[in-house]
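Student: Provided herewith is a single structure, encoded as structure tokens, for subsequent inquiry.
The values are calculated or read from the model by the stated rules, or taken from the named source; none is laboratory data. This structure is a prediction, so every number in the text was calculated from the model and none was measured. Don't worry about glycine lacking a Cβ; one is built from the backbone with ideal geometry, like all the others, and counts go over all protein chains shown.
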Amino acid sequence: MIGLLCFVLTVLASPFKSKIRLEAENAALRHQLIVLRRKMPGRIQLANSDRWFFVQLYRWFPPILKVLTIIRPETLVLWHRAGFRSYWRWKSRSLGGRPQIEIELRVLIRRMSVENPLWGAPRIHGELLKLGFELAQSSVAKYMVKRRGPPSVGKISLARTLVLINTASAALSSSGLGGEE
């Protein structure tokens with residue numbers, strides 16, 4: 001009795017479904033029949049093309065899950081997720097390029113730049129070449145510790161500051177304003 005009631009409700013609701021949705025349901029049902037008509041003993045063997053077809057129908061028409069009978073809806077959703085994972089795994093693969101620099105060498109570059117703040121990338125690059133490491137100066141600059149402050153702070157401005165301090169202290173001491181007597 002309940003089955004008959006469900007059938008009557010389905011028949012009454014079918015004219016209100018969109019034409020595209022009905023065509024998708026028909027395509028799913030036809031494809032299920034094609035799969036079932038294959039002469040294979042035992043369980044139904046679905047080819048990758050069958051899986052792809054059902055996944056595409058599910059992507060375009062999610063309500064198609066109600067029509068599928070030869071596979072469980074959870075299985076279809078699992079196939080869809082597996083395809084999504086494999087696509088993004090393929091998309092984020094390594095495309096090659098230059099080989100990465102070893103971690104020990106990166107640590108050495110950082111340590112040299114911290115211990116010698118007046119050395120720039122050319123000097124550290126030269127020292128590493130003397131030690132036998134083959135890498136580009138741009139790679140050394142990339143892994144150096146970034147300095148904070150204005151870009152004029154460096155070797156020259158430090159030397160100028162020292163000259164100005166020494167000159168000012170000498171001028172003050174010679175004029176008698178230095179406070180030392």
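Student: So, in the stretch 56-96, exactly how many residues are among the hydroxyl-bearing types (Ser, Thr, Tyr) and touching a Pro at 6+ places or on another chain (Cβ under 8 Å)?
Tutor: So the count comes out to 0.
Student: Could you run through the stretch 126-149 and say how many residues are of a type outside the set (A, V, I, L, M, F, W, C), free of Cβ contacts under 8 Å to residues at least 24 places away in the same chain and in a loop (DSSP other than H, G, I, E, B)?
Tutor: Residues flagged as of a type outside the set (A, V, I, L, M, F, W, C), free of Cβ contacts under 8 Å to residues at least 24 places away in the same chain and in a loop (DSSP other than H, G, I, E, B) within the stretch 126-149 amount to 5.
Student: Continuing with this model, one more query. Which residues, taken from the stretch 17-62, are part of a loop (DSSP other than H, G, I, E, B) and within 39 Å of the chain's Cα centre (by Cα)?
Tutor: ILE44, GLN45, LEU46, ALA47, PHE61
Student: Considering only residues that are of a type outside the set (A, V, I, L, M) and at pLDDT 75 or above, look in the stretch 144-160 and name the one that is surrounded by the fewest Cβ atoms within 10 Å (Cβ to Cβ).
Tutor: Looking at residues that are of a type outside the set (A, V, I, L, M) and at pLDDT 75 or above, I get LYS146.
Student: Another question, then. Please determine, by comparing only the residues of the stretch 63-101 that are assigned to a loop (DSSP other than H, G, I, E, B), loosely packed, with under 11 Cβ neighbours inside 10 Å and modelled with pLDDT of 85 or more, which one is nearest to the chain's Cα centre (by Cα).
Tutor: In this case the residue turns out to be SER92.
Student: Separate question: Any residue in the stretch 92-111 that is farther than 17 Å from VAL145 by Cα sitting within a Cβ distance under 9 Å of a residue that is among the polar types (S, T, N, Q) and surrounded by 10 or more Cβ atoms within 10 Å (Cβ to Cβ)? List the pairs, counting only those 6 or more apart or interchain.
Tutor: Partner pairs satisfying both residue conditions: ARG98/SER139.
Student: As an exercise: evaluate ALA136 against (1) modelled with pLDDT under 90; (2) under 28 Å from the mean Cα position of the chain (by Cα) and give the number of the one condition it does not meet.
Tutor: (1)
Student: Could we say that ALA47 is free of Cβ contacts under 8 Å to residues at least 12 places away in the same chain and surrounded by 10 or more Cβ atoms within 10 Å (Cβ to Cβ) here?
Tutor: Taking the combined requirement at face value, the residue satisfies it.
Student: Using the structure shown, decide if ARG123 is in contact with a helix residue (DSSP H, G or I) (Cβ under 8 Å, 6 or more places away or on another chain), among the charged types (D, E, K, R), outside any loop (DSSP other than H, G, I, E, B) and modelled with pLDDT of 80 or more.
Tutor: So ARG123 does not fit the description; no.
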